[in-house]
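K.L.:
Dumping the structure here so I can ask a few things about it.
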Amino acid sequence: GTPSSSSGAAAGWLVEGAAVEVEMDEEGLRGSRYGATFLGFADEARRVARLQYTHLTAEEGGEERLVEEAPCARLRPSPPAILGWSSRLRPGVQCELWHEDGWWEVVVYEKRRPPKPRGGPAQFEVYSETYGEVEATVGAGRLRPRLVLVHGREWLALAPFGFKCAVGAAEHVFSRAEAEAEAAADKAAEEAAAEAASGA
């Protein structure tokens, strides 16, 4: 669902300074979502937003963040961070991949566990059904559940997650035990990488 009513008028969460995601419509980006800050309305009807992107820059390699206008119907609030959910990732699950500074819809097609005794977190092979060249093997930290905005008030995670949470929440804990295990695994991986770097 879109953040706006059928008339295209702005939703209540769309206030100056709000963190939003913009659904891209340009060739090669269509359907991906990029983070931005809502700067205000660009028209009196409040159907076009003026935005400053979080990661996209005005010039390739530049530091000045891109400012542009987009229809409010292509905006949604930034969803919450989801913790403790990755154990449900398996082949066929729809999720989103952090790719080229934005979120891209992908499907998991394989889950790989590192060989023992080294162990470590699972890796997931994902691909985009829209863009065949968007294919990667990544850890759960670069993925998130596919979330749908319902009536501009709450998030619904698609199956197999099936949870709801309110718009405006900073995070949603799907499984506290799994979230704690993920945090411990991330810390152990960071320590192992630091140890390897210091020994090199």
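The values are calculated or read from the model by the stated rules, or taken from the named source; none is laboratory data. Please read these numbers as outputs of a predicted model, since none were measured by experiment. Counting neighbours? That spans all protein chains shown, and the Cβs are built from the backbone with ideal geometry, glycine included. Calculation scope for accessible area: heavy atoms of the full protein, side chains included, ligands and nucleic acids excluded. Shrake-Rupley method; radii C 1.70, N 1.55, O 1.52, S 1.80 Å.
K.L.:
Per residue, how many Å² of accessible area does the range 104-200 show with a 1.4 Å probe? Don't skip to the answer; put the middle values down first.
P.N.:
Details: 5960 Å² over 97 residues.
Per residue, the range 104-200 has 61 Å² of solvent-accessible surface.
K.L.:
Let me ask something else. Quick one: Karplus J couplings for the range 72-78, per residue in order, coefficients 6.51, -1.76, 1.60, θ = phi - 60°, nearest Hz, x for Gly and Pro?
P.N.:
My calculation for the range 72-78 gives 4, 5, 9, 9, 8, x, 5 Hz in order.
K.L.:
Follow-up. Projected onto the charge dipole of the range 63-124 (+1 at Lys/Arg Cβ, -1 at Asp/Glu Cβ, origin at the Cα centre), which of Ala81, Pro91, Pro115 gives the Cα projection farthest towards the positive end?
P.N.:
Pro115
K.L.:
Using only Cα atoms, tell me the angle between helix 176-199 and the longest principal axis of the chain; keep it within 0 to 90° and round to the nearest 10.
P.N.:
Relative to the chain, helix 176-199 is tipped by roughly 70 degrees.
K.L.:
Oh, and also: Give the range of the longest stretch in the chain that excludes all GluC sites (Glu not before Pro) found in loop regions by DSSP and having at most 13 other beta-carbon atoms within 10 Å. Don't skip to the answer; put the middle values down first.
P.N.:
Numbers: sites that count: Glu16, Glu26, Glu27, Glu44, Glu59, Glu60, Glu63, Glu64, Glu100, Glu129, Glu133.
Result for the longest clean stretch: 134-200.
K.L.:
Helix-derived [θ] at 222 nm for the chain: sum -39500 (n - 2.57) over DSSP H runs of at least 4, divide by residue count, nearest 500? Don't skip to the answer; put the middle values down first.
P.N.:
Details: 1 runs with 24 residues, N = 200.
That calculation yields -4000 deg cm²/dmol at 222 nm.
K.L.:
Give the span of the range 84-200's Cα atoms along each principal axis, as three whole-Å numbers ordered largest to smallest.
P.N.:
53, 34, 25
K.L.:
Using the crude model of +1 on Lys and Arg Cβ and -1 on Asp and Glu Cβ, and no other charge, please compute the dipole size for the chain relative to its Cα centre, in debye to 20.
P.N.:
That gives a dipole near 1080 debye.
K.L.:
Per-residue HN-Hα couplings for the range 140-150, Karplus 6.51 cos²θ - 1.76 cosθ + 1.60 at θ = phi - 60°, whole Hz, x for Gly and Pro?
P.N.:
Result, rounded to whole Hz: 4, x, 9, 10, 8, x, 6, 10, 10, 7, 10.
K.L.:
Classify the range 114-179 from the C-alpha gyration tensor, please: rounded if a/c falls under 1.5, else prolate or oblate depending on whether a/b exceeds b/c.
P.N.:
Values: a/c = 3.08, a/b = 1.41, b/c = 2.18.
Cα axes put the range 114-179 in the oblate bin.
K.L.:
If you don't mind, another one. Hey, what's the Kirkwood Rh for the chain if you take every pair of different alpha carbons, in angstrom?
P.N.:
One over the average 1/r among Cα pairs gives 18.4 Å for the chain.
K.L.:
Relative contact order for the chain using alpha-carbon pairs under 8 Å, separation at least 6, rounded to a whole percent?
P.N.:
18
K.L.:
Report ³J(HN,Hα) in whole Hz for each residue of the range 48-60, in order, from the Karplus equation J = 6.51 cos²θ - 1.76 cosθ + 1.60 where θ = phi - 60°; Gly and Pro get x.
P.N.:
So the J values, rounded to whole Hz, are 10, 9, 9, 10, 10, 6, 6, 10, 7, 10, 5, 10, 3.
K.L.:
May I pose another question? Which whole number in µm²/s is D for the range 23-130 by Stokes-Einstein, with the Kirkwood Rh taken over Cα pairs at 25 °C and 0.890 mPa s?
P.N.:
Answer from the Stokes-Einstein relation: 150 µm²/s.
K.L.:
While we're looking at this one, here's another question. With a 1.4 Å probe and all protein chains left in place, how much of the accessible area of the chain comes from carbon and sulfur atoms, in whole percent? The partial results should precede the final answer.
P.N.:
Working: 5500 of 11280 Å².
Using a 1.4 Å probe with all protein chains present, the chain comes out at 49 percent carbon and sulfur.
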